[in-house]
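Read through the structure below, which is laid out as structure tokens, and then see the notes.
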Amino acid sequence: KYSQRASAACVPVSGNCMAPVLPDGSTVGVDTSARTIKDGDMYAFDHDGQLRVKLLYRLPGGGLRIRSFNSDEHPDERYEPQEAAEH
């Protein structure tokens with residue numbers, strides 16, 4: 001079930017949005033071939049030109065809820081299907 005080397009990447013985490021699980025300065029291994037979202041799993045993704053590491057949840061109608069571990073300081077965000085169509 002592990003990805004191939006060509007699909008593996010490491011990305012840095014900056015900021016406190018994923019603390020305490022991923023503290024500022026952590027490095028995360030990413031499977032770039034993953035295309036299916038499983039609710040509550042952690043993903044690294046490009047969002048408006050910014051690399052983000054977040055928990056993703058599918059919403060009815062095709063949108064996504066983007067969640068940080070540190071939700072007290074970083075509230076949930078919504079990403080609607082029309083936003084995806086614009087990118």
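Remarks
- Residue ID - nearest to ASP72 (Cα to Cα), chosen from residues in region 1-57 that are among the aromatic types (Phe, Trp, Tyr) and either part of a helix (DSSP H, G or I) or touching an Asp or Glu at 6+ places or on another chain (Cβ under 9 Å) (or both): TYR57
- In the condition set (1) modelled with pLDDT of 95 or more; (2) surrounded by fewer than 13 Cβ atoms within 10 Å (Cβ to Cβ), GLN4 is compliant with all but (1).
- Filtering region 14-27 to residues that are touching a residue at least 24 places away in the same chain (Cβ under 8 Å) and either of a type in the set (Gly, Ala, Ser) or surrounded by fewer than 15 Cβ atoms within 10 Å (Cβ to Cβ) (or both) leaves ALA19, PRO20, VAL21.
- Among the residues of region 46-69, those that are within 17 Å of SER14 (Cα to Cα) and either surrounded by 16 or more Cβ atoms within 10 Å (Cβ to Cβ) or of a type in the set (Gly, Ala, Ser) (or both) comprise GLY49, ARG52, VAL53, LYS54, LEU55, ILE66, ARG67, SER68, PHE69.
The values are calculated or read from the model by the stated rules, or taken from the named source; none is laboratory data. Model, not experiment: these values are computed from the prediction. In this analysis, Cβ positions are derived from the backbone assuming ideal geometry, glycine residues included, and neighbour counts consider all displayed protein chains.
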